Amino acid sequence: MKISELIERLGRTVFEAPFGANAQAIGESPEVAEIRIAVLDEVKKKIQRAGGQALFPYNVVRIRIRATADEGAVFERDFFRRFFEEEVRKGLSKEACRFPEDMRVEIRATSEEGKWLRIETLAEDIAPPSDEVSRARRTARLVVAAGTANKAEIPLQKTRINIGRLIDVYKAEGLSRRNDLAFAEDNPINRTVSREHAHIVHDKKTGEYRLFNDRWYKRADKGENNCGLWIIRDGMGQEVHRDTRGTRLLPGDEIHLGKAVIKFQTK
């Protein structure tokens, strides 16, 4: 029997148990049951807690597996992808965990040296229709929903919009930044906003608006929900950490800066 036939036959039967005596027949190929356990363990580690609810904010679970060309072609078939996707969805449901409706599993075979199995979780953007991009470019605005800012709402007419605690931010050298939307009034919600908290950049080529985290925090704190900036989209929370790419905003997104909340809207 060919390796591909053996793997596919086993895949259509149990999956829950190791290959056992059949393991030698497929050489160095990993056991499907072992992959399944590794995937579910990694997914469980990425579950977040927000408002007493369990959330899995990632819409892509990517399985990278080291395999020969023959074995890799089998693992990349839609049959295995559907199996692991079903297992992930069942595992999250068992944990009473909410997850994106468009969550999917991808399987990538590789011949590169290193670990034979790697599991990645990603929150990938879905490109909006061109008419939605055009509409957002013309009418995008921010509306303050929690906290007291210098403006109740602000149209996004500039390439860059700064958001923070003060209007003018000074350092030893002098004025370093001016915030377009500032939460300067002294109250409990505004105190959770940093002086240089975030900024939004408009990409004229794509029409996208991207949110960037400007706060300074220790890298070790990333796993402790200390980034201080996240968005709520379709009831799901997504942290926005400091990086050079930012996070694309979609109409209806809630931007949380500590306890202050602003909404990204289009007309």
Just a yes or no: is a residue in the range 142-152 touching an Asp or Glu at 6+ places or on another chain (Cβ under 6 Å), under 24 Å from residue 240 (Cα atoms) and either part of a loop (DSSP other than H, G, I, E, B) or at pLDDT below 80 (or both)?
yes
Within the range 234-264, how many residues are at pLDDT 85 or above and under 17 Å from residue 203 (Cα atoms)?
7
Scope the range 246-267; condition closer than 16 Å to residue 148 by Cβ and either part of a loop (DSSP other than H, G, I, E, B) or open to solvent by 40 Å² or more (accessible area, probe 1.4 Å) (or both); matching residues:
258, 259, 263
Subset tally (residues that are open to solvent by 40 Å² or more (accessible area, probe 1.4 Å), modelled with pLDDT under 80 and β-branched (Val, Ile, Thr)) for the range 14-65:
1
Please count how many residues of the range 169-207 are open to solvent by 50 Å² or more (accessible area, probe 1.4 Å) and either among the hydrophobic types (A, V, I, L, M, F, W, C) or in a strand (DSSP E or B) (or both).
8
Out of all the residues in the range 153-168, which are in a loop (DSSP other than H, G, I, E, B), within 27 Å of the chain's Cα centre (by Cα) and crowded, with 16+ Cβ neighbours inside 10 Å?
156, 165
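The values are calculated or read from the model by the stated rules, or taken from the named source; none is laboratory data. Computed from a prediction, not measured in an experiment: that's the story for all the values here. Neighbour counts run over all protein chains shown; Cβ positions are idealised from the backbone, glycine included. Heads up: the accessible areas ignore ligands, DNA and RNA and are worked out on the full protein's heavy atoms, side chains in. Shrake-Rupley method; radii C 1.70, N 1.55, O 1.52, S 1.80 Å.
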